[in-house]
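Down below is the structure, laid out as structure tokens.
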Amino acid sequence: MKSAIEEAVRATGDVTPIDKCEAVSGGSINDTFYIKTGSQEYFAKLNRSAPEDFFDAEEKGLRLLEQNGIRVPKPLIILPRDQTEMVFLMEWIPSVPSSGKVDRALGSLVAEMHQKKASSVGLGESNYIGELHQPNHEGRDWVSFFRDHRLGAIQKIAVEKGILSQERNNQLDKLKDNLSSLLGHNPDISLLHGDLWGGNWLESESGKPYLIDPAVYYGDREVDIAFTYLFGGYSTDFYEQYKVDYPLQNGWKERMPIYQLYYLLVHLVLFGESYGSAVDRILKRYTT
């Protein structure tokens, strides 16, 4: 493990001694480490089992956000898997527990991201939501994209894993068939973070918000906003500032549960039946 991290550090051109290599918290998918050398600090992710392009997809998402002026940790280098693990090395952002002082700045940062527009939905290539493959076929129609490449794609995974009951499957088919009328709007196409739960941003010691761990694509910005409401982690100040910078379209609250359904199905696949009742409530609401 340490040898792989050291190899990645050396590949950046840093030949100074490694003074610290300490495990830090960083989610359930990767092993994560803080590294301090004689000249620089790094954040490293290690993974032994993910697909070969797992970190490549994350790096491309970070670079796309960075190219659009969105504050993210700078990706540095990916060391491909040898016999054990692959390593993703990036800039270390010294962070502090959320103080509430940057919540308005975070609202502005997310609004700025959503004001980056495209003519097509999706992305040129697939990436991952958690550990799950997320297809990003480019197209012109948002409703068909969300129907086929979000709800349909996670439905297929759930069926293959045997964790979607026949009743849920039938209800989901019914919702998808009526999706155009249920959503009922034609959104501008925005740059999305794609995985904007409350754990995927941080407050730096310098008092600036950063976005982390993206699953980037272009689509309806209400998808990102819907996820912020699902598990908490965002304050009233965040939403108030977002509203000032980029007000949402009428009807967004009625559409929000449909967008949350995608993330709840992802969590149902990844973590099990504890998310089943929330899935059922949304399916019942829109199919009865």
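When the listed pairs LYS2/LYS45; LYS45/LYS101; LYS36/LYS74 are checked against a 18 Å cut-off, the alpha-carbon distance exceeds it for LYS45/LYS101. Net charge in the neighbourhood of TYR263 (other residues with Cβ under 11 Å of its Cβ; Lys, Arg +1, Asp, Glu -1) is -1. Equivalent ellipsoid of the stretch 174-273: semi-axes from √(5λ) of the C-alpha gyration tensor, largest first, are 24, 18, 12 Å.
Listed by chain and number, the aspartates and glutamates whose alpha-carbon sits under 19 Å from that of LYS117, ignoring those within fewer than 8 places in the same chain, are GLU66, GLU125, GLU138, ASP141, ASP188, ASP195, ASP220, GLU222, ASP224, ASP245. Rg/Rh for the stretch 2-80 (Cα atoms only, Rh after Kirkwood) is 0.96. Over all alpha-carbon pairs in the stretch 63-131, figure out the percentage whose distance exceeds 16 Å. Percent of Cα pairs beyond 16 Å in the stretch 63-131: 69. With protein chains left intact and a 1.4 Å probe, residues in the stretch 7-148 average 48 Å² of accessible area per residue. Each label point was placed 7 Å from the Cα along the Cα-to-Cβ direction; for SER144 and ARG63 their separation is 3.0 nm. Please label the shape of the stretch 142-204 as rounded, prolate or oblate, based on the square roots a ≥ b ≥ c of the eigenvalues of the alpha-carbon gyration tensor (a/c under 1.5 means rounded; beyond that, a/b larger than b/c means prolate, else oblate). It comes out oblate by the Cα gyration axes. What shape does the chain take by its C-alpha gyration tensor, where a ≥ b ≥ c are the square roots of the eigenvalues and a/c under 1.5 counts as rounded, a/b above b/c as prolate, and the rest as oblate? It is prolate, given that a/c is not under 1.5 and a/b is the larger ratio. Where a ≥ b ≥ c are the square roots of the eigenvalues of the C-alpha gyration tensor, would you call the stretch 97-200 rounded, which needs a/c under 1.5, or, failing that, prolate if a/b is larger than b/c, or oblate? Verdict is prolate for the stretch 97-200.
The values are calculated or read from the model by the stated rules, or taken from the named source; none is laboratory data. Note that the coordinates shown come from a computational prediction; the quantities given were computed from them, not determined experimentally. FYI the Cβ positions are ideal-geometry reconstructions off the backbone, even for glycines, and counts take in every protein chain you see. Remember, those area values only see protein heavy atoms, side chains included, never the ligands or the DNA or RNA. Shrake-Rupley method; radii C 1.70, N 1.55, O 1.52, S 1.80 Å.
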